[in-house]
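**Student:** I'd like to ask some things about the structure below.
Laboratory data are not the source of any read-out in this text; all were calculated from the coordinates shown. Computed from a predicted model, the values in this text were never measured in an experiment. Note: ideal-geometry Cβ built from the backbone for every residue, glycine included; neighbour counts use all protein chains shown.
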Amino acid sequence: MSLLAIILLPFLGSLCAAFMPANARNVEAWLAGTAALATTVLVASLYGDIQAEGVLRASVPWAPSLGLEFSLRMDGFAWVFALLVAAMGTLVVLYARYYMSPEDPVPRFFSFFLAFMGAMLGVVLSGNLIQLAMFWELTSLASFMLIAYWNHRVDARRGARMALTVTATGGLALLAGMLILGHIAGSYDLDVVLQAGDTIRAHAWYPAALALVVLGALTKSAQFPFHFWLPHAMAAPTPVSAYLHSATMVKAGVFLLARLWPVLAGTEAWFWIVGSAGLLSLVVGAYLALFQRDMKGVLAYSTISHLGLITLLLGMNSPLALVAAVFHIINHATFKASLFMAAGIVDHETGTRDMTRLSGLYRAMPITATLALVAAASMAGVPLLNGFLSKEMFFAETVFIDRPDFQRLGLPMAATLAGMFSVAYSLRFIHCVFFGRPARDLPRAPHEPPGWMLAPSALLVFACLLVGMFPAHTIGPFLAVATQSILGASTPEYSLAIWHGFNLPLMMSLAALAGGIVLYQLLLRRRADTVPLLERLDGKRAFDFVQTALSTGSERLLRILVSRRLQVQLLLIVVFALAAVLLPLTADRAGWTLASPGLPDPAFALLWLVGGACALGTAYKAKRHRLAALVLSGGTGLATCLTFAWFSAPDLALTQLTVEVVTVVLLLLGLRWLPRRNDASAPDIPTSTRLRRWRDRSIALLAGGGLGSLAYIVLTRPAGEGISPFFLEQALPLGGGLNVVNVILVDFRGFDTLGEITVLGIVALTVYALLRRFRPAPESMELTQQQQEHSAPPPDTDAVLPPGPMAVPAVLVRLLMPLALLVSLYFLLRGHNAPGGGFVGGLVLATTVILQYIVGGTVWVESRSRLHPPHWIALGLLAAAAAGCGAWLASLPFLTSLAWHGSLPLVGELHISTVLLFDIGVYMLVVGATVLMLVALAHQSLRAHHRKPARAGEE
Amino acid sequence: MNFVVPDFYPAAAEIFVAIMALVVMLASTFARGVRWLAYALTQFTLIAAAFVTIYTLKGDVSYTFSNLFIGDLLGDLLKLLIYFSMAIALLYGRGYLADRNIDKPEYYVLALLMTLGMMVMVTANHMLPLYIGLEMMSLGLYAMVAFDRDSARSTEAGMKYFVLGALASGLLLYGMSMIYGATGSLEFSGIANAVYHQAANKTVLLFGIVFLMAGISFKLGVVPFHMWVPDVYQGAPSAVTLIIATAPKLAAFAMAVRLLIWGLFDVAEQWQSMLMFVAVLSIILGNLAAIAQTNLKRMLAYSGISHMGFMLLGLLSGVVEGDRHYALNAYSSAMFYAVSYVIMSLASFGMIILLSRAGFEADSIDDFKGLNKRSPWFAAMMMFVMFSMAGIPFFIGFFAKLSVLQAVVAAGYLWIAIIAVVMSVIGAFYYLRVVKVMYFDPPVDPAPIHAPAELRVLLSANGLAIAALGLAPQALMSVCAYALLASL
């Protein structure tokens, strides 16, 4: 329970802090301080339990279907870290109370500060890999908010973004690594994973998991080559740097490496990846620290270097090195935090951190200077301070490492070199700022800060001294607990004494001290402001480069891949579909034989030749000459119609014929209102256009040919048992008709037909309604050329016949009318047994009506017409519905056909069924709908005469 | 052939919505003056339909309409989510439509019919109703995209959507006919049966699967059939974009699940390899292309492409070398992803609507500049959404990503997991850019935000839900898993 409280306390504090007024500085500080202190006390109080039980656990079910539970696990190592996080947090809150100026909105600061603390404790105490990765990301987010705290400053925003981008990226990599580890181990539970070290190292995915986890750790700990974000993060308020960039967040990376050390370490890959990153960071960081002007810059690079040292130790695959690493984690936190606080005090009191402007502050602030001096000495590795102890252990490890020769020589030399740099920059840090002539042109007159602001720093320095002088009595037991929990039974023997005799590591330390002093003397003579040798090594530039490369790369990608043009999009879809279809073709070609179609009858072949020619002509003429295209499409339809007839489907042929006629008329009427085509038929088409057309043509051919042959193949395969035999057999017995198609339409599928004719009626009304509000393009509003030339007088409605040559067709068409009516009725009545039916009949009648319109003229016809298309539609629907409902009278389901068969005097044998009524409904509706649509279209041409809304049909 | 009266009970919700769509149409025709009527009736319909669905909810699977219709928990859950997201989307969009004077009753009729289409898709047990539902949904959407008739953009988007959508429908239909040719059945269980007994012609079946995949990919908006997504998202009125980006994704998910898992589970490895291609390309292209966008709607469109790719990761890791041990887990992770995406999408497009006013579309990323100064609360909500979409922990998006990645790793596709992670990193880049703009840049227009109270309240609830579900994701996850388990 207290484990949960440790996590929850900072978050609750954060929530409270967020909702406080902006000016409640003291209350905020008290709140944050209390929360941090309480957490510290809680953590400290668990020491006894840790010693007794080894591992404390607490868990709450969370997302079991993902194999996740919110579990907390505290062992010795986690305890030490948690104590570090909590105690350091308390000290920094105290420091921050005096550091933040009254104008700063402190609620935000303390809220994020506590949230960060909670997240960090979460990382440390997670008993579950995924949960650890989640808290890990949360620390990145909180640190982003803290670095960007002064968000009016450009450097703060940039630094924050960079830190977030790098660490959050690493965090995602870590998540992937954790997923893999969990997959290999079979559980995300830390205990299980820690036990599964051998399985994991032997698994094929080990390299991937290692790379991903190490990537996460290195980015977080600002290790080479991802170190560049840390110096830019120095734009954060100094308490943030003291907390995040010395003691906690950057330590998360090495914490993780140590945490997973039993699982991942021990292989060559681990040695090379972790070790070399550590070594490079150690040397490069120390070297770069020499040349910084900003006090915090020196500290940032020094942090990189010291974390490199820890990483290197962890990478050495030796338990003793691990002990040294854990020890150095603690030591580094104490002296580095204290130095950050000193830098903050200097900044706070003088208004600058520029080391070229600062000088001789010892006189103005002796206590600060003394504290900084001791802490810097610890950083440099001066004996009797804690930094010296862990550095000695590190030197010893480099000397005694069990590796091939060149590594055994190279490592100690590199370590000594880094030690030298470290001495030199520590010296510079102290000497430059606190000694020498007093500075003159400082923004503020320097003086000692309030006592409480010095207290945290003093406490840390005191710890440095205490640990440095009596290591075995102060830090000894804690270190033992921590290392024991990682290494278990294989914890090596080590001694925490100051004096190990006059040995090689001590020689190295002395050499580093002497060399560092000499180096500093040399450095003093230098005037140039640049970094020699590594001038061009700038991670920030690489980072910016990656950012811009991503953006420009993305834009280029878009330019190549993305088009907003519909044609291109269509083309791509077709091409992709084509490519996808090739997939199964390449996989398996069994059973793909093209059945030979056999030689067709020459007449039939000729028919299809004509039909095909018409179709091609339609497509070709569609752009240049619409009327010709329309006529040709009629030809295709005719060929289809004849094909039906050829294959003994007279019913289909008849239907096709009438539909074809009506369609052509419909299109003909619509042609007039299409926008004028662009006549600029430029004779010289550019080559690119030609190429594009060829490309499109070949793709079209390929796709069409493929589809056609596929359809052919499928069609020529033996067909499965369909439903057609049922209809053929049962049409007469069940439907009482010989015309199967008609029986299907009006009986078997009567309900469908009812639905369809309803739709047809609605469509007709919609077309009518839409055309009433139709606004044609202005250029098609004027009279056609022919009409203008002949300047036809307004039609005379009283005249019997139109004047001129139109009289002949007018007479013919009028004669046609009763004949057509008769034929249509004939089709309707015989439909049930022979080709015909309501649909065909209706279309025939509609065609004659529209012929009257075409030849006689709209005005003339309508002055005499008694035809009310909407009434026909309504009556048709009613009739069909009545036929359906009639079945109810015989307690049969809707639309069941009832038939009466008998003989009447005079008429003879008669077969009457409700189906006839239904078919009459279809007939009437088709007539009404077709006429209504065509007439509405025809009325459009009246516009030019009247310039007023057309009065289509009968209203 | 005896006439059997079908059992209407399982389809009560569909019937109710169909009737109500007609009622809304007639009511708004005869009461043209009452502007709120269509909207109110539509919302009533959606809420009442939810009650009908809950009331008719059954634990077991039932079939009706000659096995054309399946009533199962998966369908019911998805239907509930569809009502929910439609209701919220209509609520968000109402003020927006009114500002542009396009809040016509027809809009709501179309929305209801579209909802009906989605419901039919979700409960189809047969290719035909599936296709009918799909067309019903799509036709409604085409019209809604072009609803702002005076805007050239909107009309163009509608036209494009229609032409491309028709082509894709054609491909899907072609695929269905191929599947029918291979298996002799249009009913999913019949298809599954034929495939199981290896009675189906393998090549024809593969052809069919390819075309089905093309159709599904188009409706989900994934590479290589994604071209319409950015154009339509940007061109459509934001209120319609909001609808396109939410409920139809659930319906498309249902379509994919019914076709692939109900029908073609036994050839899972065939379609999984196709899905792999589609998913990985979508994740890569969606994320890379989103970086260069300056228009937020386009950015979200590309991000949506990548999100759908992620969702497919769950679908493609069900069966590994014949081992179906992980299937349920994988499919429920995909479903969870789809649901979380819908929740996040609602909030993100809701924010665009919130910031838009009459005559002004807040669809550029620059329009979010300095939002923190104008309204810290909604800046925080937008930040939640962006973080969640980026997959940052303790938001729902993180768990969605986590669960599909887990499925992918469990299936042994290490390389896919790594590509997905690398691409989420790149994704985080553009989501965080929005956050940066909101918090760090000075506002272009410092005016405070004016929006109807209900929009503010619901959007806040939506944003908070993203955070709350991130803290306690288990309930939603178990519901998804349970619905799949009970329906399979």
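**Student:** How would you rank A:638-650, A:127-139, A:156-168, B:365-377, highest first, on the average number of other Cβ atoms within 10 Å across their residues? Mind showing how you got there, number by number?
**Tutor:** Values: A:638-650: 16.1, A:127-139: 26.0, A:156-168: 23.6, B:365-377: 18.8.
So the order, starting with the most tightly packed, is A:127-139, A:156-168, B:365-377, A:638-650.
**Student:** Towards the positive end of the charge dipole of the protein assembly as shown, with charges on Cβ (+1 Lys, Arg; -1 Asp, Glu), say which of A:331, B:143, A:868 has the farthest Cα.
**Tutor:** A:331
**Student:** Given a Förster distance of 51 Å, report the FRET efficiency between residue A:4 and residue A:707 from their Cβ-Cβ distance, rounded to the nearest 0.05.
**Tutor:** On the way: r = 65 Å, r/R0 = 1.27.
My answer for the efficiency is 0.20.
**Student:** While we're on this one: From the gyration tensor of the Cα coordinates in the stretch B:1-154, what semi-axes in whole Å does the equivalent ellipsoid have, largest first, with each one equal to sqrt(5λ)?
**Tutor:** 30, 16, 14
**Student:** On to the next question. Over all distinct Cα pairs, what is the inverse of the mean 1/r for the protein assembly as shown, reported as the Kirkwood hydrodynamic radius in Å?
**Tutor:** Numbers: mean 1/r = 0.0270 Å⁻¹.
Averaging 1/r across every pair of different Cα atoms and inverting gives 37.0 Å.
**Student:** Same structure again: Any number yet on Rg/Rh for chain B, C-alpha, Kirkwood? Each step should come with its number before you reach the end.
**Tutor:** Details: Rg = 21.5 Å, Rh = 22.5 Å.
Value, to two decimals: 0.96.
**Student:** Pull up all non-local amide H partners of residue A:913: gap of 5 or more, or a different chain, and H-to-H distance under 5 Å with H placed in the peptide plane.
**Tutor:** A:900
**Student:** Percent of Cα-Cα pairs more than 18 Å apart in the stretch A:191-310, please. Walk me through the intermediate numbers first.
**Tutor:** Working: 3654 of 7140 pairs.
Of the Cα pairs, 51 percent sit more than 18 Å apart.
**Student:** Which residues does the label zone of residue A:549 cover in the stretch B:406-420, counting backbone N under 20 Å from a point 7 Å along Cα→Cβ?
**Tutor:** Output list for this probe position: B:419-420.
**Student:** Using alpha-carbon pairs under 8 Å, 6+ residues apart, how would you state the relative contact order of chain A in percent?
**Tutor:** Details: 1369 pairs, mean separation 73.1, N = 955.
About 8 percent, as a whole number.
**Student:** What is the set of long-range amide H partners of residue B:69 at a cut-off below 5 Å, with H atoms built 1.01 Å from backbone N?
**Tutor:** B:64, B:125
**Student:** Average partner chain C-beta neighbours within 10 Å, per residue of A:558-568?
**Tutor:** On the way: counts 10, 1, 0, 6, 9, 2, 7, 3, 8, 1, 1.
Neighbouring Cβ atoms belonging to other protein chains average 4 per residue here.
**Student:** Once you charge only the Cβ atoms, +1 for Lys and Arg and -1 for Asp and Glu, what is the size of the charge dipole of chain B about its Cα centre, to the nearest 20 debye?
**Tutor:** Magnitude of the dipole: close to 780 debye.
**Student:** Next question, about the same structure. If r is the Cβ-Cβ distance from residue B:269 to residue A:715 and R0 is 41 Å, what FRET efficiency results, to the nearest 0.05? Don't skip to the answer; put the middle values down first.
**Tutor:** Details: r = 30 Å, r/R0 = 0.73.
So, using R0 = 41 Å, E works out to roughly 0.85.
**Student:** Follow-up. Using only DSSP helix segments of four residues or longer, with each worth -39500 (n - 2.57), what per-residue ellipticity at 222 nm results for chain A after dividing by its residue count and rounding to 500? It would help to have the intermediate numbers written out before the result.
**Tutor:** Working: 40 runs with 657 residues, N = 955.
Calculated at 222 nm, the ellipticity per residue is -23000 deg cm²/dmol.
**Student:** Kyte-Doolittle mean at least 1.6 and Cα extent at least 18 Å along the axis: which DSSP H helices of chain A qualify? Kindly include the intermediate steps, with their values, before the conclusion.
**Tutor:** Working: long enough: A:2-18 (24 Å, 2.29); A:25-45 (29 Å, 0.91); A:76-99 (34 Å, 1.57); A:106-125 (28 Å, 1.88); A:129-147 (27 Å, 1.62); A:154-185 (45 Å, 1.01); A:206-220 (21 Å, 1.53); A:276-289 (19 Å, 1.81); A:295-315 (30 Å, 1.29); A:319-350 (46 Å, 1.01); A:366-380 (21 Å, 1.68); A:386-400 (22 Å, 0.44); A:405-434 (44 Å, 0.92); A:451-469 (26 Å, 1.99); A:504-525 (32 Å, 1.63); A:539-561 (32 Å, 0.06); A:566-587 (32 Å, 2.38); A:602-624 (33 Å, 0.76); A:626-646 (30 Å, 1.25); A:650-671 (31 Å, 1.75); A:687-716 (42 Å, 0.24); A:750-772 (33 Å, 1.34); A:807-830 (35 Å, 1.95); A:838-856 (27 Å, 1.79); A:869-889 (30 Å, 1.21); A:914-938 (36 Å, 2.30).
Helices meeting the span and hydropathy rule in chain A are A:2-18, A:106-125, A:129-147, A:276-289, A:366-380, A:451-469, A:504-525, A:566-587, A:650-671, A:807-830, A:838-856, A:914-938.
**Student:** Taking each residue in A:578-585, count the Cβ atoms of any other chain within 10 Å of its Cβ, then average. What number comes out? Could you put the intermediate results ahead of the total?
**Tutor:** Numbers: counts 0, 2, 12, 7, 1, 9, 10, 4.
That average works out to 6.
**Student:** Apply the Karplus parameterisation 6.51 cos²θ - 1.76 cosθ + 1.60, with θ equal to phi minus 60°, to every residue of the stretch B:280-296 and state each ³J(HN,Hα) to the nearest whole Hz, in sequence, with x for glycine and proline.
**Tutor:** Computed from phi, the couplings for the stretch B:280-296 are 5, 4, 5, 5, 5, 5, x, 6, 5, 6, 5, 4, 7, 7, 10, 9, 5 Hz.
**Student:** Return the Cα extents of the stretch A:1-263 along principal axes one, two and three, sorted largest first, each rounded to a whole Å.
**Tutor:** 58, 41, 31
**Student:** By count of other Cβ within 10 Å, fewest leading, how are A:55, A:935 ordered?
**Tutor:** Values: A:55 16, A:935 26.
Least crowded to most crowded, the residues run A:55, A:935.
**Student:** Could I ask something else about it? Please name which of A:146, A:484, B:170 has its Cα lying farthest along the dipole of the protein assembly as shown towards the positive end, using unit charges on Cβ (Lys, Arg +1; Asp, Glu -1) and the Cα centre as origin.
**Tutor:** Selected residue: A:146.
**Student:** Per DSSP H run of at least 4 residues, take -39500 (n - 2.57); add these up for chain B, divide by its residues and hand me the 222 nm value, nearest 500 deg cm²/dmol.
**Tutor:** Details: 20 runs with 356 residues, N = 488.
About -24500 deg cm²/dmol.
**Student:** Mind giving me the nanometre distance, one decimal, between the label points for residue A:666 and residue A:452, set 7 Å out from Cα along Cα→Cβ?
**Tutor:** The answer from the label model is 8.8 nm.
**Student:** Run the quick spin-label model on residue A:628 and residue A:687: label points 7 Å from Cα toward the beta carbon, then report their separation in nm to one decimal.
**Tutor:** Here the answer is 3.0 nm between the modelled labels.
**Student:** Can you give me the orientation-averaged projected area of the convex hull built on the Cα atoms of the stretch A:77-232, in nm²? Mind showing how you got there, number by number?
**Tutor:** Working: hull surface 38.5 nm².
Taking a quarter of the hull surface, the average projection is 9.6 nm².
**Student:** Taking the C-alpha atoms of the stretch A:302-354, how large are the radius of gyration and the largest Cα-Cα span, Dmax, in Å?
**Tutor:** Looking at the stretch A:302-354, its Cα Rg and Dmax stand at 14.8, 46 Å.
**Student:** Given 4 °C and 1.567 mPa s, how large is the Stokes-Einstein diffusion coefficient of the stretch B:278-434 in µm²/s, with Rh as the Kirkwood radius over Cα pairs?
**Tutor:** Details: Rh = 16.0 Å.
Rounded, D is 81 µm²/s.
**Student:** Let me ask something else. Based only on other Cβ atoms within 10 Å, what is the fewest-to-most ordering of A:270, A:872?
**Tutor:** Working: A:270 21, A:872 25.
Least to most surrounded, the residues fall as A:270, A:872.
**Student:** Would you mind checking the stretch B:98-116 for residues with the amide N under 20 Å from a putative spin-label position 7 Å along Cα→C-beta of residue B:30?
**Tutor:** B:105-110
**Student:** Taking 10 °C and 1.306 mPa s as the conditions, I'd like the Stokes-Einstein D for the stretch A:81-149 in µm²/s, using the Kirkwood hydrodynamic radius from alpha carbon pairs. Don't skip to the answer; put the middle values down first.
**Tutor:** Working: Rh = 12.6 Å.
For the chosen part, D equals 126 µm²/s.
**Student:** Could I ask something else about it? Using a cut-off of 10 Å between beta-carbons, work out the net charge of the residues near residue A:357 (Lys and Arg +1, Asp and Glu -1, residue A:357 not included).
**Tutor:** Details: positive: A:293, A:353, A:440; negative: A:354, A:441.
Local net charge: +1.
**Student:** Taking the square root of 5 times each eigenvalue of the Cα gyration tensor, what semi-axes in Å does the equivalent ellipsoid of the stretch A:265-529 have, largest first? Working shown, then result.
**Tutor:** Values: eigenvalues 217, 87, 45 Å².
Semi-axis lengths for the stretch A:265-529 are 33, 21, 15 Å.
**Student:** Using Cβ contacts closer than 10 Å as the measure, can you line up A:88, B:118 from fewest to most?
**Tutor:** On the way: A:88 24, B:118 29.
With the sparsest Cβ surroundings first, the list reads A:88, B:118.
**Student:** While we're looking at this one, here's another question. Between residue B:104 and residue B:199, what FRET efficiency follows from the Cβ-Cβ distance if R0 is 51 Å, with the result rounded to 0.05? Before the final figure, lay out the partial values.
**Tutor:** On the way: r = 52 Å, r/R0 = 1.01.
According to the calculation, E is roughly 0.50.
**Student:** Okay, moving on. If Lys and Arg each add +1 and Asp and Glu each add -1, what is the summed charge of the other residues whose beta carbon sits under 14 Å from the beta carbon of residue A:754? Mind showing how you got there, number by number?
**Tutor:** Working: positive: A:749; negative: A:747, A:752, A:756, A:919.
With Lys, Arg at +1 and Asp, Glu at -1, the neighbours total -3.
**Student:** Output the peptides B:265-273, A:273-281 sorted from most to least packed, where packing is the average of other Cβ atoms within 10 Å over each peptide's residues.
**Tutor:** A:273-281, B:265-273
**Student:** Calculate, axis by axis, the spread of Cα positions in the stretch A:328-443 along the three principal axes, and write the results as whole Å, longest axis first.
**Tutor:** 56, 24, 19
**Student:** Would you mind checking which residues have amide H under 5 Å from residue A:68's amide H? H placed 1.01 Å from N; only 5 or more apart, or other chain.
**Tutor:** Close amide H contacts, sequence-distant or interchain: A:63.
**Student:** Something else: If each of residue B:324 and residue A:904 carries a label point 7 Å out from its Cα toward its Cβ, how far apart are those two points in nm?
**Tutor:** 6.5
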